[in-house]
Amino acid sequence: MPDDFRKHDRALGLDQPISRRDFLNSTLLASGAVLISSSASPFQLMAEQDDWTGYGGVGDYARSNGNTLEILTAGHRIRDGEFETFPKNLIETGETYDCVIVGGGISGLAAALFFQRQAGKAKKCLVLDNHPIFGGEAKRNEFIVDGQRLVAHQGSAIFQVQYPHSFIARFYESIGMNMPTLQYQRWGGKSPEIPLAHTPYELVDSAPATYGFYFGSKFGQKPGMWLVDPWGKKLEGAPISAAQKADLLKWRSGPAIPQRKPEYEGDEISRQLDAITLEDHIMQVYGISRETVRTFLSPVEGGGSGLGPDVLSAYADYAFETLRPVPDTEDQMFPGGNTEFARLMVKALIPEAIAGPATLEGVCKSKVEFDALDQPSSAVRIRLGSTVVWVEHNGDPEKADAVSVIYTCAGKTYRVKARSVVMAGGCWTTKHIVRDLPSSHRDAYEQFYRSPCMIANVAVRNWRFLYKMGISGCRWFEGIGNYMDVRRQALVGTSSATIGPDSPVVLTLKVLYSYPGLAIAEQGSRGREEILNTPFRDYERQIREQFTDMFSGAGFEARRDIAGIILNRWGHAYLNPQPGFFFGVNGKPAPREILRSAAFGRIAFANTDLAGMMDHRCSILEAHRAVGQLLDQVLEN
Ligand SMILES: Cc1cc2nc3c(=O)[nH]c(=O)nc-3n(C[C@H](O)[C@H](O)[C@H](O)COP(=O)(O)OP(=O)(O)OC[C@H]3O[C@@H](n4cnc5c(N)ncnc54)[C@H](O)[C@@H]3O)c2cc1C
């Protein structure tokens, strides 16, 4: 490597420990710890971190940052047709369960809870999940920075305060979530206070005076320039055309024409919205150009559905309000995002699986006892590191008395028998592995598109560089990521009760892969190609360069200030509902309704994607419906 490159790499801190260099050392250390720990998952023993997965942090989730290389390799064996014929060399476990649940995310865990509560503890249930830890997209990363424990979400982040006595409010209470409104870190230190966010999405919407826009080489700015308080200044000084400025100000000030919003799911206005793209809708409502939408608003507008507005149903923007309305209160977030819901559910299902009391604080702080998750004596068992590759009724689905569920674990293939099955893993695997899936259901699943996302958590030793610029959050329009903010952490398992510019924090970049103008399926597969083919080191370099470009003028030094980077890659992160997804096209039923309307024999379908809205409450509600569709078949035995 030429000297100039070496110097550049050193300046970026690419030779620094923690973030990458010592992933090998940390693996060896962790493996040593695993060998002497009785609560280690067997999967942990196999997991070797690699130059794609990268550093995974510390704690329960250290081996499970997003889809690791191991997860990916196991999943691709299905994609590449290795299980098109009945698997050979099967190991019969001899186990029969009343219910097998494929997928241990929020939906799968909720299904296990509903099943246990409704079928009774005498009925046996098995949850199979491919990751080294349960939770699906609701997982967390942990860093230790200068002696302080920092926690951030890997995917599913925020929740809302629910209407009292609503189904979800009661569900929360039933698992020990008794603090719908959380307390957050207070301002600390001598520097005057500036507003901070509670969630990663708060400031990108509100963009207060302490928010900045960055314009770099895409806008002819070398070095780049900052516009602090862009809306307060009415974009004065932004290096963009007068037409773009006018468009953005129109967008910011709200709809140009009075808007009729959907009042309930499926009303006339929702159907009209579902017939057009979100891009056309935004252009119409705000009177702005397609170019402005694609240059400045995509993919953040529509980001809750993974891609830009060009391919999404306009109804996707209203689904949240109409499908699951909530009181007008601030969004809430645990330090590790919705991870804590998954942990609370596991504690409720298998109390020994997480040491300590069954309280929010307890499950947040205590360690997972991996050995306790899969015990023969338990009514519910959770088996990790297990990729389900084949699900099929033993005979005619109308009459069969059982379903075969086949999974791979540590290179071996196993079969269990199930009286009922909930498929909670998501569309992209369910359509491949349910071998006797009728063509109606297969066609329905073919209309589900999902796109990737990467959550990059960047731990910094302090955020004084932002403070110096007078901001606590910012947005940019080129390079890696789009926006970030400094968050006050909820005081649940948090190591410091205060936060100030000298506090170490985790800055989260949400990287979406959208290619406006391309077909929806092509955008998803192109994004996956990109996420698959980019080694950890390349992303690490991009992040360090992006931060250096944006913040070095305020004294930021990547080498000194970045304490660690964890990448959480989700190959099929978001469902992307296209026009017609919610209410069907030409009078035909919407694809989601075909899958939700009834069980197929002894198999029912869950996961948040069936709602068309990525939200943990949908995961729970879809699980509730799916279990209800199967109970009669289980209880009659
Ligand atoms: C980046 C991101 C941010 C989000 N932010 C929020 C948010 O702020 N608030 C919110 O409410 N929601 C958010 N969501 C939505 C999130 O999807 C839901 O909250 C919820 O976590 C989904 O749970 P699930 O069980 O339905 O699906 P998943 O979490 O996807 O769980 C499915 C599980 O099944 C496993 N699986 C799949 N196939 C197989 C197989 N063949 N064998 C074994 N296991 C299998 C998967 O690997 C996974 O572990 C976000 C999603 C993403 C991607």
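For the stretch 75-99, filtered to residues that are at pLDDT below 95 and surrounded by 15 or more Cβ atoms within 10 Å (Cβ to Cβ), the residue that is nearest to Ala573 (Cα to Cα) is Gly75. What about Arg560, is it out of contact with any Leu (no Cβ under 6 Å at 6 or more places or on another chain), over 28 Å from Ala519 (Cα atoms) and in a helix (DSSP H, G or I)? Against the criterion (out of contact with any Leu (no Cβ under 6 Å at 6 or more places or on another chain), over 28 Å from Ala519 (Cα atoms) and in a helix (DSSP H, G or I)), Arg560 qualifies. Among the residues of the stretch 591-598, is any among the basic types (Lys, Arg), within 16 Å of the ligand (Cβ to nearest atom) and assigned to a helix (DSSP H, G or I)? Checking the stretch 591-598: at least one residue is among the basic types (Lys, Arg), within 16 Å of the ligand (Cβ to nearest atom) and assigned to a helix (DSSP H, G or I). In the set (1) farther than 30 Å from Ala400 by Cα; (2) among the basic types (Lys, Arg); (3) surrounded by fewer than 21 Cβ atoms within 10 Å (Cβ to Cβ), Arg596 fails one condition alone, (1). Counting only residues that are closer than 16 Å to Glu392 by Cα and either hydrophobic (A, V, I, L, M, F, W, C) or within 13 Å of the ligand (Cβ to nearest atom) (or both), the stretch 75-102 holds 8 of them. Among residues of the stretch 219-231 that are of a type in the set (A, V, I, L, M), those with a Cβ under 6 angstrom from a residue that is part of a strand (DSSP E or B), sequence gap 6+ or separate chain, pair up as Met225/Phe215; Leu227/Phe213; Val228/Gly212.
Yes/no matrix, rows are residues, columns are (1) crowded, with 16+ Cβ neighbours inside 10 Å; (2) within 28 Å of Ser156 (Cα to Cα); (3) within 24 Å of the chain's Cα centre (by Cα); (4) of a type in the set (A, V, I, L, M):
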{"position": "Leu384", "(1), (2), (3), (4)": "yes, yes, yes, yes"}
{"position": "Val416", "(1), (2), (3), (4)": "yes, no, no, yes"}
{"position": "Met423", "(1), (2), (3), (4)": "yes, yes, yes, yes"}
{"position": "Gly426", "(1), (2), (3), (4)": "yes, yes, yes, no"}
{"position": "Ile433", "(1), (2), (3), (4)": "yes, yes, yes, yes"}
{"position": "Cys453", "(1), (2), (3), (4)": "yes, yes, yes, no"}
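Applying a threshold of 6 Å to beta carbon distances and a minimum spacing of six or more residues, or different chains, the list of pairs starting in the stretch 418-437 at a residue that is touching a residue at least 60 places away in the same chain (Cβ under 8 Å) and ending at one that is of a type in the set (Lys, Arg) and within 12 Å of the ligand (Cβ to nearest atom) reads Trp428/Arg450.
Residue-by-condition table, conditions (1) away from the ligand (no atom under 15 Å from the Cβ); (2) surrounded by fewer than 22 Cβ atoms within 10 Å (Cβ to Cβ):
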residue	(1), (2)
Thr73	no, yes
Gly104	no, no
Gly108	no, no
Leu113	no, no
Gln116	yes, yes
Lys123	yes, yes
Pro132	no, no
Asp146	yes, yes
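Among the residues of the stretch 469-492, just one is surrounded by fewer than 20 Cβ atoms within 10 Å (Cβ to Cβ) and farther than 24 Å from Ile240 by Cβ, namely Leu491. Just one residue in the set Ile566, Ile603, Ile543, Ile620 is modelled with pLDDT of 95 or more, surrounded by 22 or more Cβ atoms within 10 Å (Cβ to Cβ) and in contact with a Gly (Cβ under 6 Å, 6 or more places away or on another chain); that residue is Ile566. Do we have Arg383 as in contact with a Leu (Cβ under 8 Å, 6 or more places away or on another chain), farther than 27 Å from Ile520 by Cβ, near the ligand (Cβ under 10 Å from one of its atoms) and of a type outside the set (S, T, N, Q) here? Yes, satisfied.
Of all residues in the stretch 547-574, those that are within 16 Å of the ligand (Cβ to nearest atom) have Cβ atoms under 6 Å from Cβ atoms of residues that are modelled with pLDDT of 95 or more and of a type in the set (Val, Ile, Thr), 6 or more apart or on another chain, in Asn568/Ile455; Arg569/Ile531.
Scanning the stretch 87-146 for residues being part of a strand (DSSP E or B) and hydrophobic (A, V, I, L, M, F, W, C) gives a total of 13. Residue by residue through the stretch 189-237, note down the ones that are touching a strand residue (DSSP E or B) at 6+ places or on another chain (Cβ under 7 Å), of a type outside the set (Val, Ile, Thr), away from the ligand (no atom under 16 Å from the Cβ) and not in a loop (DSSP other than H, G, I, E, B). If the condition is that a residue be touching a strand residue (DSSP E or B) at 6+ places or on another chain (Cβ under 7 Å), of a type outside the set (Val, Ile, Thr), away from the ligand (no atom under 16 Å from the Cβ) and not in a loop (DSSP other than H, G, I, E, B), then Tyr211, Gly212, Phe213, Tyr214, Phe215, Met225, Trp226, Leu227 are the ones that fit. Looking at the stretch 306-319, can you tell me whether even one residue there is surrounded by fewer than 24 Cβ atoms within 10 Å (Cβ to Cβ), outside any loop (DSSP other than H, G, I, E, B) and in contact (Cβ under 8 Å) with a residue 60 or more places away in the chain? The answer is no; no qualifying residue exists.
Here the condition is being of a type in the set (S, T, N, Q) and crowded, with 22+ Cβ neighbours inside 10 Å; of Asn178, Asn141, it holds for Asn141 alone. Where helices (runs of 4 or more DSSP H) sit wholly within the stretch 400-507, those with at least 1 residues that are away from the ligand (no atom under 15 Å from the Cβ) occupy 439-446, 464-469.
Residue selection: Ser26 fails the criterion of being within 16 Å of the ligand (Cβ to nearest atom) and either within 29 Å of the chain's Cα centre (by Cα) or at pLDDT 50 or above (or both). Figure legend. Inter-residue proximity from the stretch 200-218: first residues closer than 23 Å to Pro335 by Cβ, second residues within 16 Å of the ligand (Cβ to nearest atom) and in a loop (DSSP other than H, G, I, E, B), beta-carbon distance below 6 Å, spacing 6+ or different chains. Indicated pairs: Pro200/Ala157.
Conditions tested, residue by residue: (1) modelled with pLDDT of 95 or more; (2) touching a Ser or Thr at 6+ places or on another chain (Cβ under 6 Å).
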| residue | (1), (2) |
| --- | --- |
| Asp205 | no, no |
| Thr210 | yes, yes |
| Ser241 | yes, no |
| Ala246 | yes, no |
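Evaluated against (1) in contact with an Asp or Glu (Cβ under 7 Å, 6 or more places away or on another chain); (2) within 19 Å of Leu507 (Cβ to Cβ); (3) surrounded by fewer than 19 Cβ atoms within 10 Å (Cβ to Cβ); (4) not aromatic (Phe, Trp, Tyr), Ile194 falls short on exactly one condition, (1). Within the stretch 435-460, the set of residues being touching a helix residue (DSSP H, G or I) at 6+ places or on another chain (Cβ under 8 Å) and farther than 27 Å from Gly54 by Cα comprises Leu437, Ser440, His441, Arg442, Asp443, Ala444, Tyr445, Glu446, Gln447, Phe448, Tyr449.
The values are calculated or read from the model by the stated rules, or taken from the named source; none is laboratory data. The structure presented is a predicted model; accordingly, all values stated were derived computationally and were not measured. We place every Cβ from the backbone using ideal geometry, glycine too, and count neighbours over all the protein chains shown.
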